[in-house]
1. If a residue has to be of a type in the set (Val, Ile, Thr) and in contact with a strand residue (DSSP E or B) (Cβ under 6 Å, 6 or more places away or on another chain) to count, how many in region 240-270 make the cut?
2. How many residues does region 199-235 hold that are surrounded by fewer than 21 Cβ atoms within 10 Å (Cβ to Cβ) and farther than 29 Å from Thr603 by Cβ?
3. Of the residues that sit in region 491-538 and are under 17 Å from Leu581 (Cα atoms) and modelled with pLDDT of 95 or more, which one is surrounded by the most Cβ atoms within 10 Å (Cβ to Cβ)?
4. List the strands (runs of 3 or more DSSP E) that sit entirely inside region 333-434 and contain at least 2 residues that are without any contact (Cβ under 8 Å) to a residue 40 or more places away in the chain and over 30 Å from Val464 (Cα atoms).
5. Search region 63-79 for residues being in contact with a helix residue (DSSP H, G or I) (Cβ under 9 Å, 6 or more places away or on another chain) and outside any strand (DSSP E or B), and hand back the single one that is surrounded by the most Cβ atoms within 10 Å (Cβ to Cβ).
6. Specify the residue that is surrounded by the fewest Cβ atoms within 10 Å (Cβ to Cβ); the eligible residues are those in region 80-99 that are at pLDDT below 95 and among the small types (Gly, Ala, Ser).
7. If we keep just the residues of region 174-198 that are of a type in the set (Gly, Ala, Ser) and surrounded by 18 or more Cβ atoms within 10 Å (Cβ to Cβ), which is nearest to Glu154 (Cα to Cα)?
8. State the number of residues belonging to region 537-574 that are free of Cβ contacts under 8 Å to residues at least 60 places away in the same chain, over 21 Å from the mean Cα position of the chain (by Cα) and closer than 18 Å to Asp86 by Cα.
Amino acid sequence: MNGISFLTGVLRVKYSVFLCSSLVALASPALTSPALADELGGDLAERERSGDITVVAAGRDLPLDQTGQAVSVIGTREIDAIQGADLTRVLERLPGVNFSRNGGLGAQTGLSIRGANADQTLVVIDGVRIADYTSPGGGYDIGNLLSGSLDRVELLRGSNSVVWGSQAIGGVLAVTTREVNGAELAAEYGAWDTVLTNATAGIAEDRYAASITAGYARTDGFSAQSAGTEDDGYRQWQVAGKGRYALVDGLNLRANGRYADSRLEIDLTGPDARDIQKTREGTGRLGLDYAGQGFSLSGGVALTDVRRSYETAWGPSSYKGSSRRVEMNGHVALPMDLALDFGADSEWSRARSTYDDKRKARLSSGHALIGRYADDWSLAAGLRLDDHSRFGTHWTFGANGSVTLIDNVRLRASYGEGFKAPTLYQLYGSFVGNAALKPERSQSYDAGIELGDRNAVLHGAVTVFRRDSRNLIDLDSSYTYANIARARAEGVEVEAGAKVSERFAVQAAYTYTKARDRTQARDLARRPRNLLTFGADWRTPLHDLSLGADIRMASDAVEYDWMGVATRLDGYAVVTLRASLPVSEGIELYGRVENVADVHYETAARFATAGRSAYIGARARF
């Protein structure tokens, strides 16, 4: 970034921080008003507190204030208010989150948490771990996960391999699809001839529930590569279903499944190439849950299947990966607020491609986590044993704690170790595989002070973090995978939010991340050191019209080509304006303008991002 653009970026950042601070300052007198405090502490607070429970910390329902780990939860109301199908616009509201995308909607999208590699984030959909077992790092492409059918998003930042095992070095993203009693319909149209539709219908009673969701998305798009002139489109249709049935009191049968079929035009062989990628994803789980007095036990079988195929100037190719998983988890309440959480699982994965024979691996694990969970203080620690069919046994340890200082203010800290086995592609891929690879390992630390949580009336948090990684896998100078890197990511996260009244709320998240390749003494690719997101929402007295604004700012980053030559990715600031209007009970019209200033920027070198674009839509609930 040159001097002028750097100065402009600094001024933009200062202006946004000033705006955020001013709004919070204006809110402060109102928040000290006893009448308003009573009002916010009543029905409004109850409606907004749906996000104060997490499952990603201990693998079961746990109040956020009883874990020392950094966890954020976004519920249905906020997902709907953000609008659109792009999940990155939901996640970018959270601290520690960065994305890189190779084009428009549906393009390859990597999620980096606190500077970790994108393939070091575990993605869980309705309790099913999903990964692309034929991709180089085995990570999940969240460009194929649209937000239209989502009910809840949870993000754990930091290593948590004790509960979640391999791939949770950077963190865990867990999403839950909707369970409704009735029907919901949504449709949207906008820039680049983009059409988004989603429908959910179901029934929910105390003893049973069943829901089904179907969605369709298509766009003509724009050129994936910045130097291109032709449009690269995207199309996806998906269907998902879930159900539960109480066999007897306390014993529930649960089932869910999801299938998504996507077609993406990509510029793989050149800026104006007509290359096509087709992806089919299928997941499913069948399980039993038992909950008794002070004891619960759940078990199930989960299946994952991801298939990709390409039609390019280099010829056709296909990749198929799948996993079969058996798992069991339990919880025992002990005296003196103590609890034991435990589990065991086995996963069989396999992969093959046009160029590679079928390969397979097995990973069996067991873990135990014991802790004290209470309002005044909580402390938990645990161990996990992973047994890999190729790499033998590995132990990981984790601990976290939380102490309440005064009402609604607490200190929290956590330590976690990570373990990630090489993928089948890294081990056996044609020309690039290396059967002598070692697993990636990490140690993660964080500590912070927090007021409330992000769904509370008033929220603030400051967290410092550090993660040291070793045996990182990447291509070496001979274009073969090797354990060539040690890395360290450290920084600070700052969050602030206030529901000033029933009609006005503001929030902000800032992250400073210094992510370095310690082997080559350089910054890791695509990791801006500074990220700032600011949002404000106002529901006007006139017809309950809702207005919102979001600002996303990022500083410079760096990218490397396969020869190690660096390319600078300039910083950027992007503004989105939103509006929604209820026209009758259960029916709402909405619209937004993304990238209002038509800023041109890249999150991955040579790949374009969307310019100014407008969308309108409608949503109905019956």
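The values are calculated or read from the model by the stated rules, or taken from the named source; none is laboratory data. Everything quoted here is computed from the prediction, not taken from an experiment. Please note: Cβ atoms are built from the backbone with ideal geometry, for glycine as well, and neighbour counts cover all protein chains shown.
1. Residues flagged as of a type in the set (Val, Ile, Thr) and in contact with a strand residue (DSSP E or B) (Cβ under 6 Å, 6 or more places away or on another chain) within region 240-270 amount to 2.
2. So the count comes out to 13.
3. My answer is Asp537.
4. It comes to 338-353, 359-372, 392-406.
5. Leu64
6. Out of the qualifying residues, it is Ala81.
7. Result: Ala174.
8. Counting residues in region 537-574 that are free of Cβ contacts under 8 Å to residues at least 60 places away in the same chain, over 21 Å from the mean Cα position of the chain (by Cα) and closer than 18 Å to Asp86 by Cα gives 1.
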